[in-house]
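Asker: Here you go, one structure.
The values are calculated or read from the model by the stated rules, or taken from the named source; none is laboratory data. Predicted model only: the values in this text are computed from it and were never measured. Glycine also receives a Cβ, built like all others from the backbone with ideal geometry; neighbour counts cover every protein chain displayed.
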Amino acid sequence: MTMALPTSPGKGRGRPLKKLHWLVEPYLYLSPAIILIALVMLVPLVVGISYAFQSISLLNPFETGWVGFANFEKLWADRLFWKALTNTFWWTLGSLFFQFFLGLGLALLLNRPFAGRGLVQALVFLPWAVPAFLSGLNWAWLFNPIIGPIPHWLAAIGIMDEPQNILANPKMALWGPIVANIWFGIPFFAITLLAALQSIPRDLYEAASIDGASVWQSFTKITVPFLAPTIAITVMLRTIWIANFADLIYIMTGGGPANSTHIISSYIFTTAFRRLDFAYASTLAIALLVLLLAYAMLILQMRKHLVKGI
Amino acid sequence: MTAITLNSINKSFGPVHVLKDISLEFNKGEFVVLVGPSGCGKSTLLRMIAGLEPVSSGDLIFGETRVNDLEPRERDIAMVFQSYALYPHMNVERNLGFSLELRKRDAAEKQKRTSHAAGILGLDKLLDRFPKALSGGQRQRVAMGRAIVRDPQIFLFDEPLSNLDAALRIEMRIEIAKLHQRLGTTMVYVTHDQVEAMTLADRIVVMNAGNVEQVGTPLDLYSNPANLFVAGFLGSPKMNFVSHDDPALSLPKALTHPKAKTYGIRPEHIQVTAPDDNAHLIGTIDVVERLGSDTIFYINHGAKQPFVVRVPGIDRTALGEKIGCIFQPNDLHRFNADGQSISEK
Amino acid sequence: MASRTSFSVAGTLRYAAIILYVLFALFPIYWLVKIAITPDRLIYTEGTHIWPSTFTLDNFTSVLFLTDFLVYFKNSMIVSLGTAFFTTLVATAAGYAFSRFHFRGKAIIIALMLITQMFPLLMIIAPIYKIMAGLRLLDSLTGLIIVYTAFNVPFATFLMQGFFDGIPKDLEEAAMIDGCTRFEALRKVIFPLTLPGLAATLGFIFTAAWSELLFALMLINSDDKMTFPVGLKTFVSKFAVDWGQMMAAGTLALIPSCIFFILIQRFLVQGLTAGAVKG
């Protein structure tokens with residue numbers, strides 16, 4: 001019953017080699033990821049920042065070179081940039097506001113058991129699985145009076161004089177992509193918040209109800225404080241993500257009509273893709289990055305206070 | 001013959017020095033229990049013996065072989081984890097036989113040894129089950145069975161019973177004791193439960209804050225604790241400590257010692273008498289616990305900690321009564337200013 | 001009695017709200033399918049009817065056999081499968097290292113990975129175009145796979161790290177005492193337990209690659225290399241009035257995503273990391 005085991009005391013494998021092995025092992029596992037990320041993301045990031053100080057346009061191949069802050073001066077004077085900035089604000093705020101509150105409502109509904117909950121959950125989360133380009137096309141079609149019902153409904157309830165495409169109306173066109181974005185984004189918030197809700201211990205609610213708390217008090221005194229850290233971090237990440245999310249706008253309006261719906265990220269894409277002006281695209285991107293970083297700092301500061309409060 | 005020799009073993013996690021110059025020898029076939037409060041380094045020591053933590057400095061020797069640089073799999077050990085660490089995707093039979101599978105043993109031998117181990121632990125009917133379909137006690141048995149199948153040089157146990165309820169814990173404790181008698185393998189067992197330590201061990205190593213406080217047989221540690229820590233750690237209820245200048249204390253000259261700063265007496269080594277001049281300590285009864293077999297008095301004698309007395313049988317002395325205590329002279333412990341036991345009487 | 005009625009009023013409101021959510025979620029998808037199966041001649045006359053009076057599969061057959069749909073589909077499959085496979089491979093190794101080792105520079109590497117999640121990806125669209133041009137990987141599916149893999153590795157790494165963190169360290173220590181090398185323990189014990197996690201990661205990355213539009217637009221220009229989003233976008237700009245066919249193509253494009261969604265739906269809320277494998 002004895003087992004012959006290889007108990008040779010580290011023959012051939014010396015101590016130094018083994019120590020080295022312990023040290024190197026994690027880097028071996030990490031190296032493919034690091035190399036890939038460095039080459040495809042970090043190097044281009046640095047290169048991209050340098051573009052903002054050069055003149056690089058594939059349409060004017062002879063006018064290349066360092067230009068200092070000329071691109072930023074151009075940015076300051078660019079009316080379209082300011083328009084896109086305003087739009088970015090409304091686009092992000094509008095999308096986020098409705099995504100969040102409708103998502104929270106959905107999460108609260110789904111947090112209580114009812115007959116058919118599993119099926120309902122699967123159905124309401126479905127938009128999340130629809131690729132963004134398809135959501136964009138789909139909603140563009142729904143807003144089209146030729147094949148879509150929405151303009152006819154709006155006309156029927158008196159919001160519009162006659163069925164017309166809001167995407168063709170510079171004053172309202174931004175609402176098209178926002179609605180699509182809300183549709184697309186509710187499930188994300190609902191999923192995150194539902195997971196957070198389900199991690200709140202049941203006994204807390206039971207203790208609160210024994211202590212005499214009403215439903216509303218339970219919500220404000222237990223649910224909200226518990227969700228607050230999740231909410232802060234989710235809202236922050238989501239804001240950044242939405243501000244960067246150009247697909248819906250590019251697909252639904254292409255920034256039009258008359259450049260009225262560009263947000264900064266869609267403006268970056270059009271500048272790089274249509275005009276092939278890489279330098280100016282990078283300048284726009286840096287402006288967006290700075291704004292988002294400032295925003296993230298702000299939220300993280302706020303979150304610190306929130307977490308302390310619990 | 002020594003099975004394991006620890007020679008000035010140190011362990012640091014970054015700047016934190018968790019084990020300080022540990023030197024110990026465990027004999028072949030011995031059941032050694034490492035015991036101490038949580039964070040004392042006992043589990044780290046066990047994991048170093050297993051090869052799961054590198055040794056920072058010192059020599060770890062199995063028999064004649066220095067094993068510091070051997071992988072766990074090369075050390076011929078088996079270990080039972082606190083969490084049991086059963087492979088959730090394998091049934092009981094494969095869990096038991098996994099080590100043999102890794103060593104490419106043939107099916108017949110695997111079958112023989114698995115069923116042998118299953119027989120010892122009464123697992124024969126559970127071989128097809130998966131871990132999640134087992135109760136806590138059954139999981140515990142499988143974890144032990146996995147070690148038995150190995151037939152290793154050394155068995156290691158890392159708090160194996162702490163996830164079980166009280167009744168099962170006693171049952172499994174007896175099972176482990178029987179297993180040791182049957183196999184006669186060297187076993188090293190980590191626990192924070194002093195009852196497990198007292199009942200299972202051939203020798204106990206009491207650890208505290210990265211140091212070995214005392215090594216000895218259970219009764220040796222019980223009767224002759226080397227210092228305040230060991231005296232207070234082993235035994236239940238705990239030993240009473242009374243300061244030498246406590247006004248409630250009046251020891252006859254013969255029992256005192258000039259260097260003694262603290263006197264220790266176990267609750268079971270005290271007789272209850274009238275609160276007169278013969279009493280060594282006088283106080284009032286604050287709380288009484290009547291267990292039937294014993295009666296435990298918590299006596300208020302003016303100090304922060306109550307003075308605990310255990311008398312056999314049912315004692316009807318009532319709450320709030322003033323009583324006196326007489327210490328059995330041979331069981332009185334004296335500790336000097338450093339907390340070390342003063343050995344001469 | 002009063003509390004009973006108020007309870008049922010609240011209950012009714014809850015159901016009404018739930019129904020509204022379901023309608024809002026499903027209506028656009030329903031409309032897509034509805035137009036796709038409406039015969040061309042009825043699209044204008046019955047434009048806003050909720051049900052078409054007759055239906056047809058002609059749009060699907062013409063999309064499948066008279067357009068480049070199948071080419072786009074094939075390209076997207078290659079790109080998405082390739083991306084999902086390589087990303088998961090790379091991210092599994094990295095996530096394992098994060099979960100099981102302490103090493104110098106870990107915090108910096110994690111920080112770098114987080115940064116890649118923070119900045120606008122569009123920021124590097126121009127440099128990537130130039131780099132890919134330099135490597136002669138423009139207009140190539142390989143180039144797209146490389147770019148997508150890099151984009152998705154950080155997120156997938158954190159995801160995999162979560163799965164590994166959910167598997168007790170004891171298990172691999174037990175395996176190593178039982179006779180495994182660290183790598184064997186990974187392969188025989190940890191890997192089988194991460195399978196649900198691996199599947200979820202594969203699915204996530206597949207969907208992400210399947211949906212990506214802007215980089216594909218930038219990096220691909222020939223018709224036979226287009227992925228599905230690019231193809232559909234081109235298709236829409238070229239045949240802007242052939243509604244039935246466009247929607248049929250859209251419906252078909254939805255299928256892989258929906259399949260994936262059905263597969264992972266149950267993992268979504270029950271915590272991607274929660275101890276699905278706890279013994």
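Asker: Is it true that some residue in the stretch C:147-162 is surrounded by fewer than 21 Cβ atoms within 10 Å (Cβ to Cβ) and free of Cβ contacts under 8 Å to residues at least 12 places away in the same chain?
Answerer: no
Asker: Further question: What's the number of the only condition in (1) within 13 Å of another protein chain (Cβ to nearest Cβ); (2) hydroxyl-bearing (Ser, Thr, Tyr); (3) in contact (Cβ under 8 Å) with a residue 24 or more places away in the chain that A:THR64 fails to meet?
Answerer: Looking at each condition in turn, A:THR64 falls short on (3).
Asker: Then there's this: What is the residue count in the stretch C:101-110 for residues that are more than 8 Å from chain A (Cβ to nearest Cβ) and crowded, with 20+ Cβ neighbours inside 10 Å?
Answerer: Going through the stretch C:101-110 one residue at a time, the tally reaches 0.
Asker: When the stretch B:288-340 is examined, which residues are found to be touching a residue at least 40 places away in the same chain (Cβ under 8 Å) and of a type in the set (S, T, N, Q)?
Answerer: B:GLN305, B:THR317, B:GLN328, B:ASN336, B:GLN340
Asker: Being modelled with pLDDT of 90 or more and assigned to a loop (DSSP other than H, G, I, E, B) is the filter; apply it to the stretch B:136-166 and report the residue that is farthest from B:ILE4 (Cα to Cα).
Answerer: Among those residues, the one meeting the criterion is B:LEU161.
Asker: While we're here: Looking at this structure, is A:ALA155 touching a Pro at 6+ places or on another chain (Cβ under 6 Å) and of a type in the set (A, V, I, L, M)? Even if it seems obvious, please write down each step before you answer.
Answerer: On the way: touching a Pro at 6+ places or on another chain (Cβ under 6 Å): yes; of a type in the set (A, V, I, L, M): yes.
Against the criterion (touching a Pro at 6+ places or on another chain (Cβ under 6 Å) and of a type in the set (A, V, I, L, M)), A:ALA155 qualifies.
Asker: Could I ask something else about it? Keeping to the stretch B:224-250, report how many residues are touching a residue at least 40 places away in the same chain (Cβ under 8 Å) and outside any strand (DSSP E or B).
Answerer: Summing the residues that are touching a residue at least 40 places away in the same chain (Cβ under 8 Å) and outside any strand (DSSP E or B) in the stretch B:224-250 gives 16.
Asker: Return yes when B:ILE314 is hydrophobic (A, V, I, L, M, F, W, C), over 27 Å from B:GLY39 (Cβ atoms) and not in a loop (DSSP other than H, G, I, E, B) and no when it is not.
Answerer: no
Asker: Give B:GLY14, B:GLY41 a once-over and let me know the one that is on the phi > 0 side of the Ramachandran plot, in the same structural domain as B:LEU126 (by TED's automatic domain parsing) and modelled with pLDDT under 90. Give the steps one after another, and end with the answer.
Answerer: Details: B:GLY41 fails: modelled with pLDDT under 90.
Unique residue meeting the criteria: B:GLY14.
Asker: I'd like the full set of residues that are aliphatic (A, V, I, L, M) and more than 29 Å from the chain's Cα centre (by Cα), limited to the stretch A:147-206.
Answerer: Within the stretch A:147-206, A:ILE147, A:LEU154, A:ALA155, A:ALA156, A:ILE157, A:ILE159, A:MET160, A:LEU204 qualify.
Asker: A further question follows. Given (1) part of a helix (DSSP H, G or I); (2) more than 20 Å from B:VAL35 (Cβ to Cβ), identify the lone condition not met by B:ARG129.
Answerer: With (1) part of a helix (DSSP H, G or I); (2) more than 20 Å from B:VAL35 (Cβ to Cβ) applied to B:ARG129, the lone miss is (1).
Asker: Here is a follow-up. Looking at A:ASP277, A:ASP203, which one is among the acidic types (Asp, Glu) and either under 30 Å from C:LEU254 (Cβ atoms) or within 14 Å of chain C (Cβ to nearest Cβ) (or both)?
Answerer: Exactly one residue qualifies, and that residue is A:ASP277.
Asker: Here's something else I'd like to know. Please give the helices (runs of 4 or more DSSP H) falling wholly within the stretch A:83-185 in which 1 or more residues are surrounded by fewer than 21 Cβ atoms within 10 Å (Cβ to Cβ) and of a type in the set (Lys, Arg).
Answerer: Once the helices (runs of 4 or more DSSP H) in the stretch A:83-185 are filtered for at least 1 residues that are surrounded by fewer than 21 Cβ atoms within 10 Å (Cβ to Cβ) and of a type in the set (Lys, Arg), what remains is A:117-124.
Asker: Do the conditions hold for B:ILE270, that is, is it under 33 Å from the mean Cα position of the chain (by Cα) and surrounded by 18 or more Cβ atoms within 10 Å (Cβ to Cβ)?
Answerer: So B:ILE270 fits the description; yes.
Asker: Another question about this same structure. What are the residues in the stretch A:97-112 that are of a type in the set (Phe, Trp, Tyr) and without any contact (Cβ under 8 Å) to a residue 12 or more places away in the chain, if any?
Answerer: Step one: filter the stretch A:97-112 for residues of a type in the set (Phe, Trp, Tyr), giving A:97-98, A:100-101.
Correct list: A:PHE97, A:PHE101.
Asker: Looking only at residues that are in contact with a helix residue (DSSP H, G or I) (Cβ under 7 Å, 6 or more places away or on another chain) and without any contact (Cβ under 8 Å) to a residue 24 or more places away in the chain in the stretch A:251-280, which one is surrounded by the fewest Cβ atoms within 10 Å (Cβ to Cβ)?
Answerer: A:PHE273
Asker: Same structure again: Quick test of your reading of the structure: C:LEU57 fulfils all but one of (1) in contact with a Leu (Cβ under 7 Å, 6 or more places away or on another chain); (2) of a type outside the set (Lys, Arg); (3) loosely packed, with under 15 Cβ neighbours inside 10 Å. Name the failing condition by number.
Answerer: The one condition C:LEU57 does not meet is (1).
Asker: Hey, does the stretch B:77-97 have a residue that's at pLDDT 90 or above, part of a helix (DSSP H, G or I) and among the aliphatic types (A, V, I, L, M)?
Answerer: Yes; the residues of the stretch B:77-97 include at least one that is at pLDDT 90 or above, part of a helix (DSSP H, G or I) and among the aliphatic types (A, V, I, L, M).
Asker: Sticking with this structure for a sec: Of everything in the stretch A:281-310 that's more than 12 Å from chain C (Cβ to nearest Cβ) and not hydrophobic (A, V, I, L, M, F, W, C), which residue is surrounded by the fewest Cβ atoms within 10 Å (Cβ to Cβ)?
Answerer: A:LYS308
Asker: Give C:THR67, C:THR83, C:THR116, C:THR92 a once-over and let me know the one that is under 16 Å from C:PHE151 (Cβ atoms), more than 8 Å from every other protein chain (Cβ to nearest Cβ) and surrounded by 15 or more Cβ atoms within 10 Å (Cβ to Cβ). Spell out the reasoning first.
Answerer: Values: C:THR67 fails: under 16 Å from C:PHE151 (Cβ atoms); C:THR116 fails: more than 8 Å from every other protein chain (Cβ to nearest Cβ); C:THR92 fails: under 16 Å from C:PHE151 (Cβ atoms).
Result of the check over C:THR67, C:THR83, C:THR116, C:THR92: C:THR83.
Asker: A follow-up question, please. Mind checking which residues of the stretch A:203-250 are under 19 Å from A:LEU293 (Cβ atoms) and touching a residue at least 40 places away in the same chain (Cβ under 8 Å)?
Answerer: The answer is A:ALA232, A:ILE233, A:THR234, A:VAL235, A:MET236, A:ARG238, A:THR239, A:ILE240, A:ILE242, A:ALA243, A:ASN244, A:PHE245.
Asker: Right, next: Residue under question is C:ALA216, and the condition is that it be within 30 Å of C:ALA36 (Cα to Cα) and either touching a residue at least 60 places away in the same chain (Cβ under 8 Å) or in a helix (DSSP H, G or I) (or both); does it hold?
Answerer: For C:ALA216, the condition - within 30 Å of C:ALA36 (Cα to Cα) and either touching a residue at least 60 places away in the same chain (Cβ under 8 Å) or in a helix (DSSP H, G or I) (or both) - is met.
Asker: Within the stretch A:51-60, is there a residue that is modelled with pLDDT under 90 and part of a helix (DSSP H, G or I)? Before you say what the answer is, go through the steps one by one.
Answerer: So the first thing to find is which residues in the stretch A:51-60 are modelled with pLDDT under 90, and the list is A:51-60.
When the remaining residues are screened for being part of a helix (DSSP H, G or I), the result is A:51.
Yes, the stretch A:51-60 contains a residue that is modelled with pLDDT under 90 and part of a helix (DSSP H, G or I).
Asker: Mind listing whichever residues of the stretch B:259-285 are part of a strand (DSSP E or B) and closer than 30 Å to B:ALA337 by Cα? Break it down stepwise before answering.
Answerer: Taking the stretch B:259-285 as the starting set, the residues that turn out to be part of a strand (DSSP E or B) are B:262-265, B:270-273, B:281-285.
Of everything in the stretch B:259-285, those that are part of a strand (DSSP E or B) and closer than 30 Å to B:ALA337 by Cα turn out to be B:THR262, B:TYR263, B:GLY264, B:ILE265, B:ILE270, B:GLN271, B:VAL272, B:LEU281, B:ILE282, B:GLY283, B:THR284, B:ILE285.
Asker: Keeping to the stretch C:219-254, report how many residues are surrounded by fewer than 24 Cβ atoms within 10 Å (Cβ to Cβ), more than 11 Å from chain A (Cβ to nearest Cβ) and part of a helix (DSSP H, G or I).
Answerer: Final tally of qualifying residues: 6.
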